[in-house]
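One structure below.
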Amino acid sequence: DSAGWSNQIKFKTPPAGGSDEVKFLAFGDMGKAPRDASAEHYIQPGSLSVIKAMADEVASGSIDSIFHIGDISYATGFLVEWDFFLQLISPVASKLSYMTAIGNHERDYMESGSVYETPDSGGECGVPYETYFPMPTPAKDKPWYSIEQGSVHFTVISTEHDWSKNSEQYEWMNKDMAAVDRSKTPWLIFTGMDFWYEKSNFKTSMVPSRHRPMYSSSEGLILPSVDDKFVEAVEPLLLGNKKQCKAMPKKDENGIDTYDNTNYSAPVHSIIGMAGFTLDKFPAGADSWSLSRISEFGYVRVHATQEELKFEYVNANTRKVEDSFRITKSQRT
(Lines give C-alpha, C1' and ligand atoms only; values in the text may rest on other atoms or scores of the structure.)
Protein backbone atom coordinates (compact mmCIF):
# COMPACT_ATOMS: atom_id res chain seq x y z
CA ASP A 1 0.00 0.00 0.00
CA SER A 2 2.81 2.43 0.80
CA ALA A 3 4.49 2.03 -2.60
CA GLY A 4 1.35 1.85 -4.73
CA TRP A 5 -0.16 -0.91 -6.82
CA SER A 6 0.39 -1.83 -10.44
CA ASN A 7 -2.23 -1.31 -13.08
CA GLN A 8 -4.84 -4.03 -13.43
CA ILE A 9 -3.95 -6.51 -16.15
CA LYS A 10 -6.32 -8.98 -17.78
CA PHE A 11 -4.76 -12.20 -19.11
CA LYS A 12 -6.42 -14.04 -21.98
CA THR A 13 -5.83 -17.75 -22.56
CA PRO A 14 -5.84 -19.11 -26.13
CA PRO A 15 -8.74 -21.24 -27.39
CA ALA A 16 -8.42 -24.94 -26.64
CA GLY A 17 -7.27 -27.39 -29.29
CA GLY A 18 -10.17 -28.42 -31.48
CA SER A 19 -11.90 -25.04 -31.26
CA ASP A 20 -13.04 -23.44 -34.48
CA GLU A 21 -10.32 -20.80 -34.81
CA VAL A 22 -7.25 -19.07 -33.39
CA LYS A 23 -5.50 -15.78 -34.16
CA PHE A 24 -1.85 -15.37 -33.25
CA LEU A 25 1.26 -13.28 -33.96
CA ALA A 26 4.64 -14.84 -34.72
CA PHE A 27 8.22 -13.68 -35.30
CA GLY A 28 11.86 -14.47 -34.60
CA ASP A 29 15.07 -12.61 -33.81
CA MET A 30 13.60 -9.73 -31.77
CA GLY A 31 15.93 -8.79 -28.91
CA LYS A 32 15.75 -5.30 -27.40
CA ALA A 33 16.95 -1.72 -27.80
CA PRO A 34 17.16 1.36 -25.53
CA ARG A 35 14.47 4.02 -25.84
CA ASP A 36 16.99 6.86 -25.53
CA ALA A 37 20.38 7.56 -27.09
CA SER A 38 22.27 5.34 -24.68
CA ALA A 39 24.31 2.42 -25.94
CA GLU A 40 24.19 -1.23 -24.92
CA HIS A 41 26.58 -3.99 -25.81
CA TYR A 42 24.22 -5.49 -28.36
CA ILE A 43 21.19 -3.69 -29.82
CA GLN A 44 18.37 -4.91 -32.05
CA PRO A 45 17.04 -1.67 -33.57
CA GLY A 46 13.70 -2.92 -34.89
CA SER A 47 12.48 -4.38 -31.62
CA LEU A 48 10.85 -1.17 -30.35
CA SER A 49 8.61 -0.59 -33.38
CA VAL A 50 7.70 -4.29 -33.56
CA ILE A 51 6.67 -4.58 -29.91
CA LYS A 52 4.68 -1.31 -30.14
CA ALA A 53 2.76 -2.51 -33.19
CA MET A 54 2.05 -5.89 -31.60
CA ALA A 55 1.03 -4.29 -28.30
CA ASP A 56 -1.56 -2.21 -30.14
CA GLU A 57 -2.96 -5.37 -31.76
CA VAL A 58 -3.05 -7.17 -28.43
CA ALA A 59 -4.80 -4.20 -26.81
CA SER A 60 -7.52 -4.39 -29.46
CA GLY A 61 -8.49 -7.83 -28.13
CA SER A 62 -8.25 -9.53 -31.52
CA ILE A 63 -5.19 -11.72 -30.83
CA ASP A 64 -5.17 -15.02 -28.90
CA SER A 65 -1.45 -15.82 -28.47
CA ILE A 66 2.12 -15.03 -29.49
CA PHE A 67 4.98 -17.21 -30.77
CA HIS A 68 8.59 -15.98 -30.52
CA ILE A 69 10.69 -18.37 -32.59
CA GLY A 70 14.29 -18.19 -31.41
CA ASP A 71 16.87 -15.51 -30.57
CA ILE A 72 14.93 -14.10 -27.66
CA SER A 73 16.87 -11.33 -25.84
CA TYR A 74 20.40 -11.49 -27.31
CA ALA A 75 21.68 -11.04 -23.75
CA THR A 76 24.80 -13.15 -24.52
CA GLY A 77 25.78 -13.52 -20.88
CA PHE A 78 24.71 -10.10 -19.54
CA LEU A 79 21.90 -10.87 -17.11
CA VAL A 80 20.64 -7.29 -16.98
CA GLU A 81 19.84 -7.56 -20.70
CA TRP A 82 17.27 -10.19 -19.83
CA ASP A 83 15.67 -7.67 -17.47
CA PHE A 84 15.55 -5.11 -20.27
CA PHE A 85 13.98 -7.64 -22.62
CA LEU A 86 11.32 -8.78 -20.14
CA GLN A 87 10.43 -5.12 -19.56
CA LEU A 88 10.12 -4.64 -23.33
CA ILE A 89 7.71 -7.54 -23.90
CA SER A 90 5.58 -6.93 -20.79
CA PRO A 91 2.80 -5.10 -22.75
CA VAL A 92 2.09 -8.33 -24.64
CA ALA A 93 3.49 -11.17 -22.49
CA SER A 94 1.47 -10.03 -19.48
CA LYS A 95 -1.76 -10.33 -21.45
CA LEU A 96 -1.39 -13.36 -23.72
CA SER A 97 0.29 -16.74 -23.91
CA TYR A 98 3.89 -16.01 -25.02
CA MET A 99 5.32 -19.22 -26.45
CA THR A 100 8.98 -19.53 -27.46
CA ALA A 101 11.46 -21.73 -29.28
CA ILE A 102 15.13 -21.81 -28.36
CA GLY A 103 17.61 -20.22 -30.79
CA ASN A 104 21.36 -20.16 -31.26
CA HIS A 105 21.76 -17.06 -29.07
CA GLU A 106 20.13 -18.90 -26.18
CA ARG A 107 21.99 -22.20 -26.46
CA ASP A 108 25.11 -22.48 -28.57
CA TYR A 109 28.50 -22.47 -26.87
CA MET A 110 31.68 -24.50 -27.18
CA GLU A 111 31.73 -27.82 -25.31
CA SER A 112 28.08 -27.39 -24.30
CA GLY A 113 26.77 -30.26 -26.39
CA SER A 114 24.95 -28.00 -28.82
CA VAL A 115 24.81 -29.03 -32.47
CA TYR A 116 26.57 -25.83 -33.58
CA GLU A 117 29.60 -25.05 -31.40
CA THR A 118 29.65 -21.28 -31.71
CA PRO A 119 30.04 -18.59 -28.98
CA ASP A 120 26.60 -17.19 -29.82
CA SER A 121 25.04 -17.50 -26.36
CA GLY A 122 27.93 -15.87 -24.51
CA GLY A 123 28.15 -18.91 -22.24
CA GLU A 124 24.45 -18.94 -21.26
CA CYS A 125 24.00 -22.44 -22.74
CA GLY A 126 20.21 -22.22 -22.42
CA VAL A 127 20.10 -21.75 -18.64
CA PRO A 128 18.51 -18.25 -18.43
CA TYR A 129 16.23 -18.98 -21.38
CA GLU A 130 14.80 -22.18 -19.94
CA THR A 131 14.43 -20.51 -16.52
CA TYR A 132 12.60 -17.42 -17.80
CA PHE A 133 10.51 -19.26 -20.37
CA PRO A 134 9.44 -22.66 -19.01
CA MET A 135 7.70 -24.38 -21.90
CA PRO A 136 5.85 -27.75 -21.73
CA THR A 137 9.01 -29.68 -22.62
CA PRO A 138 9.78 -33.37 -21.88
CA ALA A 139 12.59 -32.53 -19.44
CA LYS A 140 15.31 -30.04 -18.57
CA ASP A 141 17.52 -29.17 -21.55
CA LYS A 142 15.12 -30.90 -23.93
CA PRO A 143 13.46 -27.74 -25.26
CA TRP A 144 11.08 -29.27 -27.76
CA TYR A 145 7.33 -29.56 -27.24
CA SER A 146 3.94 -29.47 -28.90
CA ILE A 147 0.72 -27.66 -28.03
CA GLU A 148 -2.67 -27.18 -29.61
CA GLN A 149 -4.61 -23.94 -29.97
CA GLY A 150 -7.87 -23.71 -31.87
CA SER A 151 -7.53 -25.55 -35.19
CA VAL A 152 -3.71 -25.74 -35.05
CA HIS A 153 -1.26 -28.31 -33.71
CA PHE A 154 2.16 -26.68 -33.11
CA THR A 155 5.27 -28.85 -33.18
CA VAL A 156 8.11 -26.75 -31.77
CA ILE A 157 11.64 -28.12 -32.08
CA SER A 158 15.16 -27.11 -31.06
CA THR A 159 17.46 -26.66 -34.05
CA GLU A 160 20.35 -26.43 -31.55
CA HIS A 161 19.92 -29.90 -30.03
CA ASP A 162 20.55 -33.17 -31.79
CA TRP A 163 17.99 -33.58 -34.56
CA SER A 164 19.85 -36.29 -36.50
CA LYS A 165 18.05 -39.45 -37.52
CA ASN A 166 17.31 -41.79 -34.60
CA SER A 167 18.18 -39.11 -32.02
CA GLU A 168 15.77 -38.57 -29.13
CA GLN A 169 14.42 -35.37 -30.62
CA TYR A 170 14.08 -36.93 -34.08
CA GLU A 171 12.04 -39.81 -32.69
CA TRP A 172 9.91 -37.36 -30.72
CA MET A 173 9.22 -35.25 -33.83
CA ASN A 174 8.23 -38.32 -35.79
CA LYS A 175 5.84 -39.62 -33.13
CA ASP A 176 4.36 -36.19 -32.38
CA MET A 177 3.45 -35.36 -35.97
CA ALA A 178 2.19 -38.88 -36.70
CA ALA A 179 -0.20 -38.67 -33.76
CA VAL A 180 -1.95 -35.44 -34.77
CA ASP A 181 -5.72 -35.79 -34.97
CA ARG A 182 -6.49 -33.91 -38.18
CA SER A 183 -10.23 -33.97 -37.51
CA LYS A 184 -9.54 -31.92 -34.37
CA THR A 185 -6.59 -29.78 -35.50
CA PRO A 186 -6.43 -29.89 -39.31
CA TRP A 187 -3.41 -27.57 -39.43
CA LEU A 188 0.05 -28.68 -38.37
CA ILE A 189 2.64 -25.93 -37.92
CA PHE A 190 6.19 -27.19 -37.51
CA THR A 191 8.57 -24.53 -36.26
CA GLY A 192 12.09 -23.97 -35.02
CA MET A 193 14.83 -21.35 -35.16
CA ASP A 194 14.50 -19.78 -38.57
CA PHE A 195 11.76 -21.73 -40.18
CA TRP A 196 8.04 -22.13 -39.98
CA TYR A 197 6.28 -24.80 -42.03
CA GLU A 198 2.58 -24.76 -42.56
CA LYS A 199 1.30 -28.17 -43.39
CA SER A 200 -2.24 -29.28 -43.86
CA ASN A 201 -3.75 -32.47 -44.77
CA PHE A 202 -2.57 -30.11 -44.55
CA LYS A 203 0.83 -29.44 -42.93
CA THR A 204 2.81 -26.12 -42.24
CA SER A 205 6.19 -24.74 -40.92
CA MET A 206 7.80 -21.44 -39.70
CA VAL A 207 11.47 -20.27 -39.42
CA PRO A 208 13.32 -16.97 -38.56
CA SER A 209 16.90 -15.74 -40.89
CA ARG A 210 20.64 -16.56 -41.03
CA HIS A 211 20.00 -19.68 -39.05
CA ARG A 212 18.69 -23.11 -39.96
CA PRO A 213 16.09 -22.62 -42.70
CA MET A 214 15.45 -25.51 -45.07
CA TYR A 215 15.12 -23.01 -47.90
CA SER A 216 16.65 -19.57 -48.32
CA SER A 217 17.20 -17.09 -51.16
CA SER A 218 19.94 -15.40 -49.10
CA GLU A 219 23.55 -16.54 -49.08
CA GLY A 220 24.13 -15.68 -45.40
CA LEU A 221 26.77 -13.39 -43.94
CA ILE A 222 29.11 -15.71 -42.06
CA LEU A 223 27.78 -19.22 -42.40
CA PRO A 224 25.74 -20.75 -45.22
CA SER A 225 22.05 -19.98 -44.84
CA VAL A 226 21.00 -23.61 -45.17
CA ASP A 227 22.40 -26.58 -43.27
CA ASP A 228 22.12 -29.42 -45.78
CA LYS A 229 22.50 -32.03 -43.02
CA PHE A 230 19.50 -30.58 -41.22
CA VAL A 231 17.48 -30.65 -44.44
CA GLU A 232 18.50 -34.24 -45.16
CA ALA A 233 17.56 -35.44 -41.68
CA VAL A 234 14.41 -33.48 -40.87
CA GLU A 235 12.64 -32.63 -44.11
CA PRO A 236 11.65 -36.24 -44.88
CA LEU A 237 9.61 -36.13 -41.69
CA LEU A 238 7.57 -33.34 -43.28
CA LEU A 239 7.41 -34.73 -46.76
CA GLY A 240 8.99 -37.62 -48.66
CA ASN A 241 11.14 -35.40 -50.88
CA LYS A 242 14.27 -33.34 -50.51
CA LYS A 243 14.29 -29.66 -51.49
CA GLN A 244 11.87 -30.00 -54.37
CA CYS A 245 9.26 -27.38 -55.14
CA LYS A 246 6.15 -29.53 -55.47
CA ALA A 247 3.38 -26.97 -55.95
CA MET A 248 2.82 -23.28 -56.61
CA PRO A 249 -0.12 -21.15 -55.44
CA LYS A 250 -2.82 -19.55 -57.55
CA LYS A 251 -4.15 -16.01 -57.13
CA ASP A 252 -7.63 -15.68 -55.66
CA GLU A 253 -10.13 -12.96 -56.62
CA ASN A 254 -8.26 -10.49 -54.37
CA GLY A 255 -4.85 -11.30 -55.82
CA ILE A 256 -3.70 -13.27 -52.74
CA ASP A 257 -1.57 -16.39 -53.25
CA THR A 258 -3.78 -19.36 -52.38
CA TYR A 259 -2.82 -23.00 -51.84
CA ASP A 260 -5.62 -25.54 -52.15
CA ASN A 261 -4.85 -28.49 -49.93
CA THR A 262 -7.59 -30.70 -51.27
CA ASN A 263 -4.77 -32.37 -53.16
CA TYR A 264 -1.90 -31.74 -50.76
CA SER A 265 1.48 -31.46 -52.48
CA ALA A 266 3.97 -29.85 -50.11
CA PRO A 267 4.37 -27.68 -47.01
CA VAL A 268 4.50 -23.91 -47.34
CA HIS A 269 7.70 -22.47 -45.87
CA SER A 270 8.00 -19.03 -44.26
CA ILE A 271 11.13 -17.41 -42.83
CA ILE A 272 10.10 -14.83 -40.24
CA GLY A 273 13.27 -13.45 -38.62
CA MET A 274 12.42 -9.77 -39.05
CA ALA A 275 11.42 -8.64 -35.56
CA GLY A 276 14.43 -6.61 -34.41
CA PHE A 277 17.89 -7.71 -35.48
CA THR A 278 19.61 -5.74 -38.25
CA LEU A 279 18.13 -6.80 -41.60
CA ASP A 280 20.05 -8.15 -44.57
CA LYS A 281 19.30 -7.28 -48.16
CA PHE A 282 18.34 -9.96 -50.65
CA PRO A 283 20.34 -10.81 -53.76
CA ALA A 284 19.18 -9.33 -57.05
CA GLY A 285 18.01 -12.68 -58.35
CA ALA A 286 16.26 -15.59 -56.67
CA ASP A 287 14.91 -18.97 -57.70
CA SER A 288 11.30 -19.12 -58.85
CA TRP A 289 10.18 -20.96 -55.70
CA SER A 290 11.02 -17.88 -53.61
CA LEU A 291 7.74 -16.04 -54.05
CA SER A 292 8.17 -13.07 -51.71
CA ARG A 293 11.16 -11.36 -50.08
CA ILE A 294 10.78 -8.34 -47.79
CA SER A 295 13.56 -6.76 -45.73
CA GLU A 296 11.59 -4.63 -43.27
CA PHE A 297 10.93 -4.90 -39.54
CA GLY A 298 7.66 -6.59 -38.70
CA TYR A 299 5.84 -9.75 -37.69
CA VAL A 300 3.25 -12.17 -39.03
CA ARG A 301 -0.42 -12.36 -38.18
CA VAL A 302 -2.09 -15.73 -38.62
CA HIS A 303 -5.79 -16.57 -38.56
CA ALA A 304 -6.58 -20.27 -38.66
CA THR A 305 -10.07 -21.73 -38.91
CA GLN A 306 -11.08 -25.31 -39.60
CA GLU A 307 -11.19 -24.57 -43.36
CA GLU A 308 -8.50 -21.94 -43.93
CA LEU A 309 -5.15 -20.63 -42.69
CA LYS A 310 -4.46 -16.99 -43.57
CA PHE A 311 -0.93 -15.68 -43.13
CA GLU A 312 -0.12 -11.93 -43.26
CA TYR A 313 3.18 -10.07 -42.96
CA VAL A 314 2.71 -6.74 -41.13
CA ASN A 315 5.24 -3.90 -41.51
CA ALA A 316 5.72 -2.65 -37.94
CA ASN A 317 6.41 0.95 -39.00
CA THR A 318 3.55 1.43 -41.44
CA ARG A 319 1.18 -1.14 -39.86
CA LYS A 320 0.31 -2.25 -43.39
CA VAL A 321 0.03 -5.83 -44.64
CA GLU A 322 2.79 -6.12 -47.24
CA ASP A 323 2.46 -9.80 -48.08
CA SER A 324 -0.08 -12.55 -47.47
CA PHE A 325 -1.10 -16.02 -48.53
CA ARG A 326 -3.90 -18.46 -47.79
CA ILE A 327 -4.04 -22.23 -47.44
CA THR A 328 -7.49 -23.62 -47.92
CA LYS A 329 -9.23 -26.93 -47.46
CA SER A 330 -11.88 -27.36 -50.11
CA GLN A 331 -15.02 -29.21 -49.16
CA ARG A 332 -14.89 -32.75 -50.49
CA THR A 333 -17.96 -34.16 -52.20
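The values are calculated or read from the model by the stated rules, or taken from the named source; none is laboratory data. Note that the structure is a prediction, hence the values are computed from the model and not measured. A quick note on method: Cβ atoms are made from the backbone with ideal geometry, for glycine too, and the neighbour counts reach across all protein chains shown. To get the accessible areas, we keep the full protein, side chains included, count just its heavy atoms, and leave off ligands, DNA and RNA. Shrake-Rupley method; radii C 1.70, N 1.55, O 1.52, S 1.80 Å.
Overview of values
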| quantity | calculated |
| --- | --- |
| Elements of type strands (runs of 3 or more DSSP E) in region 128-225, at least 1 residues being modelled with pLDDT under 90 and among the acidic types (Asp, Glu) | 195-199 |
| Positions within region 119-157 being in contact with a Gly (Cβ under 7 Å, 6 or more places away or on another chain) and open to solvent by 50 Å² or more (accessible area, probe 1.4 Å), in sequence order | 141, 148 |
| Number of positions in region 55-87 that are in contact with a helix residue (DSSP H, G or I) (Cβ under 6 Å, 6 or more places away or on another chain), part of a helix (DSSP H, G or I) and more than 15 Å from residue 12 (Cα to Cα) | 1 |
| Total residues in region 281-333, condition among the hydroxyl-bearing types (Ser, Thr, Tyr), at pLDDT below 95 and over 18 Å from residue 189 (Cβ atoms) | 6 |
| Hits in region 244-266 - residues which are modelled with pLDDT under 75, open to solvent by 90 Å² or more (accessible area, probe 1.4 Å) and not in a helix (DSSP H, G or I) | 244, 246 |
| Region 60-76: number of residues that are at positive phi and open to solvent by 10 Å² or more (accessible area, probe 1.4 Å) | 2 |
| Condition broken by residue 36, with the remaining ones in (1) touching a strand residue (DSSP E or B) at 6+ places or on another chain (Cβ under 7 Å); (2) open to solvent by 80 Å² or more (accessible area, probe 1.4 Å) satisfied | (1) |
| Residue in region 288-296 that is closer than 20 Å to residue 72 by Cα and in contact with a helix residue (DSSP H, G or I) (Cβ under 7 Å, 6 or more places away or on another chain) present | no |
| Checking residue 137 against (1) more than 15 Å from the chain's Cα centre (by Cα); (2) farther than 17 Å from residue 70 by Cβ, the condition it does not meet | (2) |
| Region 275-323: number of residues that are open to solvent by less than 50 Å² (accessible area, probe 1.4 Å) and under 16 Å from the mean Cα position of the chain (by Cα) | 13 |
| Filtered residues of region 158-187 (kept if hydrophobic (A, V, I, L, M, F, W, C) and within 19 Å of residue 97 (Cβ to Cβ)) | 187 |
| Scan of region 115-125 for residues that are in contact (Cβ under 8 Å) with a residue 24 or more places away in the chain and under 9 Å from residue 104 (Cα atoms), ordered by number | 116, 120, 121 |
| Scan of region 277-312 for residues that are in a strand (DSSP E or B), of a type in the set (Val, Ile, Thr) and more than 22 Å from residue 31 (Cα to Cα), ordered by number | none |
| Hits in region 2-24 (condition: open to solvent by 80 Å² or more (accessible area, probe 1.4 Å) and either without any contact (Cβ under 8 Å) to a residue 60 or more places away in the chain or closer than 20 Å to residue 301 by Cα (or both)) | 2, 3, 5, 6, 7, 8, 11, 13, 20, 21 |
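Rundown of residues vs (1) among the hydrophobic types (A, V, I, L, M, F, W, C); (2) surrounded by 15 or more Cβ atoms within 10 Å (Cβ to Cβ), yes/no style:
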residue	(1), (2)
78	yes, yes
81	no, yes
90	no, no
93	yes, yes
105	no, yes
111	no, no
117	no, no
